[in-house]
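The values are calculated or read from the model by the stated rules, or taken from the named source; none is laboratory data. Remember, predicted model here, so these are calculated numbers, not experimental data. Reconstructed Cβ throughout: ideal geometry from the backbone, glycine too, with neighbour counts over all protein chains shown. Surface areas here come from the heavy atoms of the whole protein model, side chains and all, with no ligands, DNA or RNA. Shrake-Rupley method; radii C 1.70, N 1.55, O 1.52, S 1.80 Å.
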Amino acid sequence: MNFFLAAVGVLGVASSGPLIAATLGATTVSALAIAFWRNAIGAAVMASPTLIREPRQFGRITHREFRWCLLAAVALALHFACFITSLQLTSVAAATALVCLQSAWIAVFQLFRGTRHRWQVLAGLGIAFGGVVAITGFDMGSSPDALLGDLLAVAGGALAGLYTLAGGKARQSMTTGTYTTLCYGMCAALVAVLALIRGQPLVGFEAAGWLGILAITVCAQLVGHTAFNHLLATMSPLLVSMIILLEIPGAALLAAVFLHETLPAGTYAGLGLILAGLAVVVLGQRSGKAARRASPAANGREEPPSDRPLAELGTD
């Protein structure tokens, strides 16, 4: 079931970049309007079943859960602001690849917290990062606008990593419906404030613009992000972020087919490196679990952090 949800989530988030680029390019919809409505609609949709089945869930939210949700919402709002704006300045393939560096940022954040990663995880991250560099290196520096777009996408990736880690903390004790409703709702409120400050309208768009917002919300927010939020309850934030890297080839191919975006020469090599990195990370997780099962429990010694299964990374 987890693999099915992961596939659905990848397809959903992969459509985000091409749909946003098409909507921004063909309508009067603003970048922050897309971020606002996808979160506002997402919060309303996710709140409905929870309010019907277990309305008391919201009254049982603890101060700890609220703090982690707030941190996740702030990071998500700034992530959307950076990523959606970057799609107006650089290519869909480059912006998507750079924003997917969130897995590398998670590893960096955890290193600062004293986590010792297994060498397989570090090797997989290195291989995947090499693939991202191969894909985006052809685009970076091609123009001032493209460079700014690349930098915004990198910042969006760091913020996405922070959002994923904070969400993992909150989801340790919260249901998917409660967490997504609270997180999306607070994110929408924060984006509305940003739109007011920036003077970007949130309403008054043509029919095509609203259709684009609806498509982005359904595919990326309700299907993609919600699937991954559910997976955070049973999988490591780091592993979830590595799976999300499949958004890169998906978004690049969708942009090539529907937006006629020309792919750089090194794109296919980069995609191969990313998939190889994912395989190394998954194999590293499995070997970690095998090593843990094989280690003698009778000696009473706790295994070192580097030998713990990947599922514990980011959720300790």
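Any idea how far the Cα center of segment 88-143 sits from the one of segment 194-265, in Å? Computed from Cα coordinates, the inter-centre distance equals 18 Å.
Length gained on full extension, Thr234 to Ser143, computed as 0.36 nm times the residue gap minus the Cα-Cα distance: 28.5 nm. Here Glu206 sits with roughly 70 square angstrom of accessible surface, probe radius 1.4 Å.
Here the calculated FRET efficiency for Met1 and Trp119, from their Cβ-Cβ distance with R0 = 35 Å, stands at 0.70, rounded to the nearest 0.05. The mean accessible area for residues of segment 1-54, using a 1.4 Å probe and ignoring ligands and nucleic acids, is 43 Å² per residue.
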